[in-house]
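Asker: Sending over a structure as C-alpha cells; questions will come in a sec.
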Amino acid sequence: MTKREVCKYLGKSKRTIEGYVVRGHLNVDHVPGPNGPVAIFDRAAVKKFRREWAERSSYPSLVRRGSIDPSAATVVVRRPPAKPLALPPVAPAYQPVTLDTYVPLGEAAKRSGLPKSYLLSQAREGAPWALNAAAEGKRPIWRFRVRPETVSL
C-alpha cells in the first residue's frame, strides 16, 4: 500500500502516518518511483495496526464511516454527569491606583524592615513595586507600593 492508500484506509493525515512510522507503530519500505522514492507499507501490517489500535482506543478513531456496517457495531460513549457551574465571585470593575498605596523611601523602609540602600538598588533595577514619580529627565522621586494598613475598629 502506498502512503496515500494508508491515509485513506486509516482515515488519518499524511503527517499522522509519518508519526506512526517514526514511533515504530508502522514499518515502511522505500522503492524507487518515477519522481523519487515511494513509501510502501505491508497491507497485512496496516490492517493489524488498525485492528489493534481500535481495540486499544476508547474512541475508535481508526474506524471511519463506510468502513464497517453501522448495524453490526454500536459505540456508546459514557460521560460523567455534568457538575453545575459555579460562578466566580464578582470582582470590582477596576481597582483604582491611588498614591496613598505608594509611599516614600523612608516610610517603605520603616514598614518593610528593609534597608533604604536595598530598596533603592531594587528600584533602579526596575522592581515592579517601585515607581518613579518624577517627570521624564528629572531627578528620580521613588515611591514604593505597600499593602494598605488595616484599621481595626
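Asker: Condition first: out of contact with any strand residue (DSSP E or B) (no Cβ under 8 Å at 6 or more places or on another chain) and modelled with pLDDT under 80. Now tell me which residues in the stretch 135-153 satisfy that.
Answerer: Matches in the stretch 135-153: 135, 136, 137, 147, 148, 149, 150, 151, 152, 153.
Asker: Can you pull out every residue in the stretch 16-32 that is loosely packed, with under 12 Cβ neighbours inside 10 Å and over 13 Å from residue 3 (Cα atoms)?
Answerer: Within the stretch 16-32, 22, 23, 24, 32 meet the criteria.
Asker: Let me ask something else about it. Scan the stretch 39-54 for residues that are surrounded by 14 or more Cβ atoms within 10 Å (Cβ to Cβ) and either under 36 Å from the mean Cα position of the chain (by Cα) or of a type in the set (Val, Ile, Thr) (or both) and report the count.
Answerer: 9
Asker: Part of a loop (DSSP other than H, G, I, E, B), modelled with pLDDT under 90 and among the aromatic types (Phe, Trp, Tyr) - does that describe any residue in the stretch 55-62?
Answerer: yes
The values are calculated or read from the model by the stated rules, or taken from the named source; none is laboratory data. A quick note: this is a predicted structure, and the numbers were derived from the prediction, not measured. For neighbour counting, all protein chains shown are included, and Cβ atoms are generated from backbone atoms with ideal geometry for every residue, glycine included.
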